[in-house]
Structures are given as structure tokens and as C-alpha cells.
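Remarks on the structure that follows.
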Amino acid sequence: MSMDVLKNKIRKLRNPSALTVAPTLDALPPSILAEFDSPVQAMGEYCVRAMEALKGQLPAVKVSFGAFSLLGPEGLVQLKRVLDIAKELGFYVILDWQRQEDEASAKAAAKLIFSGELWSCDGVVLCGYAGSGSVKPYITEAGREKKDVFVVLKTGGKSGSELQDLQTGGRTVYTAAADLLSRWGDQALERCGYSRVAGVGSASHSRSLQTLREKYPKLFLLVDGLEAGNANARNASFAFDNMGYGALVCSNLLNAWVENPENDPIEEVVAAAQRMKRNVTTYVTVL
């Protein structure tokens with residue numbers, strides 16, 4: 001059901017792009033920092049205000065566990081608040097988890113996350129390169145709750161190719177990982193034609209996105225890092241099918257205010273989101 005929900009939200013807004021919520025304390029607007037004694041509380045409030053301003057404009061948000069967990073217990077309090085409010089605002093909510101776990105830890109975390117006992121989300125991003133033991137528990141639990149799993153296949157950093165593009169048995173490592181996802185997801189197909197077991201690619205690498213879309217037509221693709229210097233909407237467009245579906249493009253827009261520090265920071269985030277939609281839909285038409 002969850003992947004169908006995401007597709008319907010994208011279709012309703014004609015917008016296949018999402019906000020990455022990965023704030024840092026050193027990039028918070030001074031005007032918001034000045035309102036609070038705690039910079040961590042200011043960070044959480046900035047994220048909430050940005051999401052409130054984008055309600056009804058974007059179908060989804062992707063919230064970084066790492067960005068909040070680095071700030072200790074207070075950061076985790078803000079993470080829960082951001083996730084809960086994102087859900088209340090009507091976004092499809094993705095928790096960017098990406099922890100390296102053994103099978104027992106993965107089982108425990110998956111149950112807590114997908115049951116809603118710990119955090120509110122519709123899907124979770126995982127790093128699959130630790131093997132099936134760190135992924136399958138999430139797929140099992142997600143199946144019970146009709147939620148989604150997004151597994152990283154190709155990252156945007158230059159060093160990612162040191163492993164992900166290696167040839168093994170006539171295929172690259174990232175397509176070997178996609179082969180596994182495709183098999184695991186065969187029993188999790190939604191009415192929209194895509195599986196609840198999805199992949200994550202990079203807006204920096206058009207060729208890999210094209211390969212993934214052509215070889216794995218039932219694999220939904222979360223396209224990360226549109227804000228990176230070597231990424232662009234044209235690259236991201238290769239992840240979509242002919243109907244303008246099958247992918248969601250994510251970008252961290254929370255630093256948009258830096259280019260115009262004299263302007264209202266929330267207005268700058270909204271303007272950046274509108275530019276993102278225009279850029280992506282220049283190449284992708286959602287039917």
C-alpha cells in the first residue's frame with residue numbers, strides 16, 4: 001500500500017521531488033538561532049517551519065537519522081518531533097537510517113521503526129552492502145506493516161565507484177546488489193507496478209540510473225543528492241519510466257538561504273523547492 005500512496009501523492013501534485021531534511025548546526029539561519037537558547041531546538045524548529053511552508057507542494061520528505069543523532073539525546077528528541085510533524089502534515093515520510101547492523105540488531109530496529117513505537121515513517125533507507133542479514137529483517141517487517149524499504153545501490157561521492165563500479169562475474173557490484181533487491185522484491189509488488197523493496201541511486205550518475213531503470217523495471221528508485229555540484233535534473237530523469245513515475249528525486253534545500261542571507265530563510269527554501277520541481281519536470285512529465 002505504501003508505494004501506491006507515494007505514487008498517488010506524486011501524481012496529485014505532478015511533482016516527483018522531495019525535501020531532504022539533513023540540517024547542520026553550522027548552517028542554521030542566524031534569525032532562527034536567535035529565537036532559542038538551544039541551537040538543537042532551533043535546528044528542529046527550522047526543519048518544522050520549512051516543512052510547514054512546503055505542505056501541499058512536495059509529496060515527500062527524507063529525514064536523516066545521522067544529522068540528528070550526532071547531536072545526542074536532544075537531537076533524537078528533535079528527530080522524533082520532525083518525523084511526527086512531517087506525518088501530520090501529510091508527507092510520505094522516509095527515514096534515512098543507513099546503519100551497519102548484524103541480523104539481530106536489524107530485526108530489533110525494524111520492528112521498532114515500522115511498528116511506529118519509535119519513529120513515524122512510511123519507508124526507511126538502508127545501506128545494503130553489509131549483506132542480506134542487515135536488509136531482510138526490514139523487508140519482512142515492512143511487509144507486515146505495508147511499508148517500504150529503500151536500499152542504497154549507487155552513491156554520489158567520487159570514492160563510491162571504488163567498490164560499486166567494480167566488475168564481478170560480468171556485472172558491476174551495484175547491479176549485483178540490484179539483482180538481489182529485484183529477487184527480494186518480487187513478492188512485494190504494489191498495484192502501481194513497483195515493489196515495496198526499492199533502490200537508491202545518485203543524481204550525479206546518469207548512466208547508472210539509466211542502467212537500473214532499463215534492467216529493473218519494477219524497482220522504484222530514490223534519486224539522492226540533487227544539490228551536489230556534479231548532479232542535475234537531467235541526470236535524475238533517467239530514473240523515471242515513460243509515464244513519469246518510478247522515481248523520486250531528493251535534495252537538501254535547507255541551506256538555500258545562504259545565497260541570499262538578507263531574505264527570509266523559509267521563503268528561500270520554498271523558492272528552492274519550486275526551482276527543483278521546475279528543473280525536474282523540464283525532463284520528466286508526470287502523466
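The values are calculated or read from the model by the stated rules, or taken from the named source; none is laboratory data. Not measured: the values here are computed from a predicted model. Here the Cβ is made from the backbone with ideal geometry for all residues, glycine too, and neighbour counts use every protein chain on show.
Condition check ((1) at pLDDT below 95; (2) in a helix (DSSP H, G or I); (3) under 25 Å from GLU262 (Cα atoms); (4) not aliphatic (A, V, I, L, M)) across all residues:
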{"position": "ASN8", "(1), (2), (3), (4)": "no, yes, no, yes"}
{"position": "LYS12", "(1), (2), (3), (4)": "no, yes, no, yes"}
{"position": "ALA18", "(1), (2), (3), (4)": "no, no, no, no"}
{"position": "ALA42", "(1), (2), (3), (4)": "no, yes, yes, no"}
{"position": "GLU45", "(1), (2), (3), (4)": "no, yes, yes, yes"}
{"position": "LYS62", "(1), (2), (3), (4)": "no, no, no, yes"}
{"position": "ILE94", "(1), (2), (3), (4)": "no, no, no, no"}
{"position": "GLN100", "(1), (2), (3), (4)": "yes, no, no, yes"}
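Could you say which residue among GLU268, GLU214, GLU262 is more than 12 Å from SER17 (Cβ to Cβ), without any contact (Cβ under 8 Å) to a residue 40 or more places away in the chain and in a loop (DSSP other than H, G, I, E, B)?
After ruling out the rest, the residue left standing is GLU262.
Which one is farthest from VAL93 (Cα to Cα) among residues in the stretch 137-170 that are of a type in the set (Asp, Glu) and in a helix (DSSP H, G or I)?
Here the residue is GLU162.
Regarding the stretch 181-190, can at least one residue be identified that is out of contact with any helix residue (DSSP H, G or I) (no Cβ under 9 Å at 6 or more places or on another chain), surrounded by fewer than 22 Cβ atoms within 10 Å (Cβ to Cβ) and assigned to a helix (DSSP H, G or I)?
Within the stretch 181-190, one or more residues are out of contact with any helix residue (DSSP H, G or I) (no Cβ under 9 Å at 6 or more places or on another chain), surrounded by fewer than 22 Cβ atoms within 10 Å (Cβ to Cβ) and assigned to a helix (DSSP H, G or I).
Of all residues in the stretch 20-36, which are charged (D, E, K, R) and at pLDDT 95 or above?
Selection gives GLU35 alone.
Identify, from the list SER31, SER17, the residue that is touching a helix residue (DSSP H, G or I) at 6+ places or on another chain (Cβ under 7 Å), more than 30 Å from TYR283 (Cα to Cα) and of a type in the set (Gly, Ala, Ser).
So the residue among SER31, SER17 that is touching a helix residue (DSSP H, G or I) at 6+ places or on another chain (Cβ under 7 Å), more than 30 Å from TYR283 (Cα to Cα) and of a type in the set (Gly, Ala, Ser) is SER31.
Hey, could you check the stretch 7-45 for residues that are without any contact (Cβ under 8 Å) to a residue 40 or more places away in the chain and among the charged types (D, E, K, R) and say which is nearest to ALA198 (Cα to Cα)?
Looking at the filtered set, the residue picked out is GLU45.
Can you work out which of the residues in the stretch 28-52 that are surrounded by fewer than 17 Cβ atoms within 10 Å (Cβ to Cβ) and under 21 Å from the mean Cα position of the chain (by Cα) is nearest to LEU89 (Cα to Cα)?
GLU52
Could you check the stretch 61-81 and list, in sequence order, the residues that are within 15 Å of ILE113 (Cβ to Cβ), within 18 Å of the chain's Cα centre (by Cα) and hydrophobic (A, V, I, L, M, F, W, C)?
Scanning the stretch 61-81 gives VAL63, PHE65, PHE68, LEU79.
How many residues, within the stretch 111-136, are in a helix (DSSP H, G or I), hydroxyl-bearing (Ser, Thr, Tyr) and surrounded by 16 or more Cβ atoms within 10 Å (Cβ to Cβ)?
Number satisfying all stated conditions: 2.
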